[in-house]
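Here, each number is a calculation from the coordinates, and none is a lab measurement. These numbers were taken from a predicted model, which means no experiment stands behind them. No Cβ is skipped: glycine too gets one built from the backbone with ideal geometry, and neighbour counts run over all protein chains shown.
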Amino acid sequence: MSGYRKLGRSSAHRQMMLRNMTADLLRNGSIITTHAKAKEIQRSVEKMISLGKRGDLHAQRQAVSFLMDKGVVTELFQTIAPKYEERSGGYTRVYKLGYRRGDASLMAKIELV
């Protein structure tokens, strides 16, 4: 069994989708998506906030290389990460919203705590 969800996509598509959704979550504070994607995004958001808490130049460069959006990285390091300075993990919360009407996929809302 693999250590991640493949989500029915090629590796390049999956990687870009997760990067974009991670940036969207950090930019907006919450997003609505499928439950499987939300659980997968949760992993990358936790890593990005941990980088933001470290706050050094290397961590910033790692965050930019993953997110590829300097505006989001600036917001992460200046406003988001300092909020979680006392917390040692669990920066996101996933709520189940029910099943989507079209294909019965379990939908979820993921938000920053």
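Name the helices (runs of 4 or more DSSP H) wholly inside segment 3-113 in which the number of residues that are of a type in the set (Val, Ile, Thr) and out of contact with any Pro (no Cβ under 8 Å at 6 or more places or on another chain) is 3 or more.
Those helices (runs of 4 or more DSSP H) span 35-54, 70-75.
Go through Lys37, Lys6 for me and flag whichever is surrounded by fewer than 13 Cβ atoms within 10 Å (Cβ to Cβ) and charged (D, E, K, R). Don't jump to the end; show me each part of the working.
Details: Lys37 fails: surrounded by fewer than 13 Cβ atoms within 10 Å (Cβ to Cβ).
Answer to the selection: Lys6.
Can you give me the number of residues within segment 55-92 that are in contact with a Lys or Arg (Cβ under 8 Å, 6 or more places away or on another chain), of a type in the set (Ser, Thr, Tyr) and more than 16 Å from Gly29 (Cβ to Cβ)?
Selection size over segment 55-92: 0.
Kindly establish whether Val64 is farther than 30 Å from Leu106 by Cβ and surrounded by fewer than 18 Cβ atoms within 10 Å (Cβ to Cβ).
Yes.
Would you mind stating whether Leu25 is buried (at least 19 other Cβ atoms within 10 Å of the Cβ), within 20 Å of Tyr4 (Cα to Cα), touching a residue at least 40 places away in the same chain (Cβ under 8 Å) and in contact with a Lys or Arg (Cβ under 9 Å, 6 or more places away or on another chain)?
No, not satisfied.
Residue pairs, Cβ under 6 Å, 6 or more apart or interchain, first in segment 40-68 and closer than 20 Å to Leu112 by Cα, second of a type in the set (Gly, Ala, Ser). List them.
Note: pairs meeting the criteria are Met48/Ala63; Ile49/Ala81; Leu51/Ala59; Leu51/Ala63; Gly52/Ala81; Lys53/Ala81; Leu67/Ala23.
For segment 83-97, enumerate the residues that are more than 13 Å from the chain's Cα centre (by Cα) and either surrounded by 13 or more Cβ atoms within 10 Å (Cβ to Cβ) or closer than 18 Å to Glu40 by Cα (or both).
Lys83, Tyr84, Gly89, Tyr95, Lys96, Leu97, listed by residue number.
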